[in-house]
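A.B. asks: Take this structure, written in C-alpha cells, and hold onto it; I'll ask about it next.
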Amino acid sequence: MPHIRSSALLPFSALIGALLVIPTSQAAGPATLTVTVKQANGMPVRDTVVMVYPKAGGASGPIRFGWKNEMAQSNIAFTPGTLIVPAGSAVRFPNLDKVRHSIYSFSKAAKVDIQLYGRDETRTHTFSVPGSVSLGCKIHDQMRGYIRVVDTPYAAKTDQNGQVKIAQLPGGAATVRLWHPALRTRTGEHEEAVTLAAGQAVARSITVALRPVK
Ligand SMILES: [Cu+2]
C-alpha cells in the first residue's frame, strides 16, 4: 500500500517545512510600541498621527486599518476631525447635515474640489500621495478636517490622553514619525528613532510644541 504510506508522511514533512521557514526575529513574537504625546506643560495632545517605519521586516501587501475610510459632515464639522488612510484610498464624505457642504483642499498631497451637495448625499475622493491634507468647506469657514495619507500599516492617532498603542511591529530599529496640524516644527512633523525588541512592549513619551491653529 505505497499510497497510504506516502499520505501518512505528508503532514509530518509539511510540519518540518513550516518550522523551518519561521524567521528568528519572529520567534519571540511581535513588538508593541506605546507613544504618549504631550506639551511641555503636561497637556496631552490628542489626534496626533503616529506612524512607525521599521527599518526591516514588517507586513507587506495592502494596508488595512480597523476603521472606515470615511469622513462625515455632521453638525457642521468633519467627523472624525482627523482620519488616517492608506495611500490609494477612496475616502467617502457623507453629508449628514441638513445644510449643503462644498469640500476643498489646496494641500500638496491632494487637491480636492467637491461641489455643493446636500443631506444624505455622499461624495468620494481618492487620495494617492502620502502626506497630510487639510480640508475646508467653502460654505462654513470654521470647518477644518485633516486626512493623513500613509504608506505604512503601523499608524494610528492618539486618544484624549495623548496616547496610542501600535502592535504587531517587527523587532529592530524603527523610525517614529508624528504629525499634528499644529506641530511647531520646520516640517510640521517630528521624527525620532526607536529600537523595538521582539516580544516586548516599549513605551515612549514625546514632548511637542504646538502653535495656535486658525
Ligand atoms: Cu460646510
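A.B. asks: Does S107 satisfy the condition of being assigned to a strand (DSSP E or B) and either surrounded by 13 or more Cβ atoms within 10 Å (Cβ to Cβ) or of a type outside the set (G, A, S) (or both)?
C.D. replies: No: the conditions fail for S107.
A.B. asks: Here is a follow-up. Under 6 Å between Cβ atoms, which residue pairs at least 6 apart in sequence (or on different chains) link something in the range 61-87 that is within 13 Å of L135 (Cα to Cα) and outside the structural domain of A156 (by TED's automatic domain parsing) with a partner that is of a type in the set (D, E) and within 16 Å of the ligand (Cβ to nearest atom)?
C.D. replies: Cβ pairs passing all conditions: Q73/D97.
A.B. asks: Answer yes or no as to whether A28 is more than 22 Å from the chain's Cα centre (by Cα) and surrounded by fewer than 16 Cβ atoms within 10 Å (Cβ to Cβ).
C.D. replies: Considered against the rule, which asks whether it is more than 22 Å from the chain's Cα centre (by Cα) and surrounded by fewer than 16 Cβ atoms within 10 Å (Cβ to Cβ), A28 comes out as yes.
A.B. asks: Against the condition small (G, A, S) and either more than 24 Å from G29 (Cβ to Cβ) or over 21 Å from the mean Cα position of the chain (by Cα) (or both), how does G171 come out, does it pass?
C.D. replies: no
A.B. asks: Now a separate question. Just for the range 59-115: of the residues that are over 18 Å from the mean Cα position of the chain (by Cα) and charged (D, E, K, R), which one is farthest from the ligand (Cβ to nearest atom)?
C.D. replies: K108
A.B. asks: Looking at the range 88-104 only, could you name the residues that are part of a strand (DSSP E or B) and surrounded by fewer than 17 Cβ atoms within 10 Å (Cβ to Cβ)?
C.D. replies: Within the range 88-104, A90, R92, Y104 meet the criteria.
A.B. asks: Which of the residues spanning the range 127-167 are within 16 Å of the ligand (Cβ to nearest atom) and aromatic (F, W, Y)?
C.D. replies: Matches in the range 127-167: Y146 only.
A.B. asks: Okay, next question. Out of G162, G171, report the one residue that is touching a residue at least 40 places away in the same chain (Cβ under 8 Å) and more than 19 Å from V45 (Cα to Cα).
C.D. replies: After ruling out the rest, the residue left standing is G171.
A.B. asks: Same structure again: Just one of the numbered conditions (1) loosely packed, with under 14 Cβ neighbours inside 10 Å; (2) part of a strand (DSSP E or B) is not true of L83; which one?
C.D. replies: (1)
A.B. asks: A follow-up question, please. Name the strands (runs of 3 or more DSSP E) wholly within the range 115-214 that hold at least 1 residues that are of a type in the set (D, E, K, R)?
C.D. replies: 122-127, 144-150, 155-157, 163-169, 172-179, 189-196, 201-208
A.B. asks: Counting only residues that are more than 13 Å from G88 (Cβ to Cβ) and β-branched (V, I, T), which one in the range 125-146 is surrounded by the most Cβ atoms within 10 Å (Cβ to Cβ)?
C.D. replies: V133
The values are calculated or read from the model by the stated rules, or taken from the named source; none is laboratory data. Quick caveat: nothing in here was measured; it's all calculated off a predicted structure. Backbone-built Cβ (ideal geometry, glycine too); neighbour counts: all protein chains shown.
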